[in-house]
Amino acid sequence: MKNAMNADHQALFTAYIRPFAKYPVLQQRVLTVLQALPSDVQLDFVEDPRFGVAIDNYEPGKGWSLWMPTPGLDGNSTRCVVLRPKLNSATEEFANYVIAHEFAHAFLRNGGWGEITDVEQAADALAASWGFHRPEQSGWALP
């Protein structure tokens with residue numbers, strides 16, 4: 001089932017996938033997962049200026065940098081999802097699961113879900129409810 005989003009929200013999805021321009025497979029995977037999320041989740045993301053998606057740019061010996069909004073006046077923290085470039089070469093099933101799992105953390109604000117208080121289990125359960133189940137094997141492609 002396709003979620004109904006207005007043109008402004010679709011434009012924000014474009015902004016969310018822009019950081020992955022050097023990784024076209026990953027860029028498409030991020031967009032695919034975003035578009036598969038329930039409408040209320042999509043709206044939660046696009047209506048929160050503290051939500052964002054970034055690529056991990058770690059370089060051995062140099063470190064990494066990440067720009068994200070500061071916590072809001074209400075104490076709410078940034079909801080930035082940072083994905084690793086190697087998801088570009090991972091299996092599709094595994095990459096989509098990881099992306100959905102990280103989006104679940106952002107949606108849950110790194111908290112529990114229902115009666116699930118462990119944040120990792122909560123993110124797994126929510127991602128599974130969206131149709132992205134944890135694969136049996138890791139899915140990381142060999143270099």
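Every read-out reported here was derived from the displayed coordinates using simple, explicitly stated rules and does not represent laboratory data. Quick caveat: nothing in here was measured; it's all calculated off a predicted structure. Here Cβ is always computed from backbone atoms with ideal geometry, including for glycine, and neighbour counts include all displayed protein chains.
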Using the number of other C-beta atoms within 10 angstrom as an exposure proxy, rank LYS86, LYS22 with the fewest first. LYS22, LYS86
When you count, for each residue, the other Cβ atoms within 10 Å and take the mean per peptide, how do 44-57, 99-112 rank with the highest first? 99-112, 44-57
So, with points 7 Å from each Cα along the Cβ direction, the GLN28-GLU92 label distance in nm works out to 0.8 nm
Check VAL53: other-chain or 5+ apart residues with amide H under 5 Å from its amide H, H built from backbone geometry? VAL81
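Stretch ASP40-CYS80 to full length: gain in nm at 0.36 nm per residue minus the Cα-Cα span?
Using 0.36 nm per residue and subtracting the Cα-Cα distance, I get 12.6 nm.
Taking the Cβ of TRP113 as the centre, find all other residues whose Cβ is under 13 Å away and add up their charges (Lys, Arg: +1; Asp, Glu: -1).
Values: positive: ARG109; negative: GLU115, ASP118, GLU120, ASP124.
It works out to a net charge of -3.
Want the number for THR117 to ASN57: 0.36 nm per residue separation, take away the alpha-carbon distance, what's left?
On the way: separation 60, 0.36 × 60 = 21.60 nm, distance 3.10 nm.
Gain on extension, THR117 to ASN57, equals 18.5 nm.
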HN-Hα J in Hz across segment 111-118 - Karplus 6.51, -1.76, 1.60, θ = phi - 60°, x for Gly and Pro: x, x, 9, x, 8, 8, 9, 5
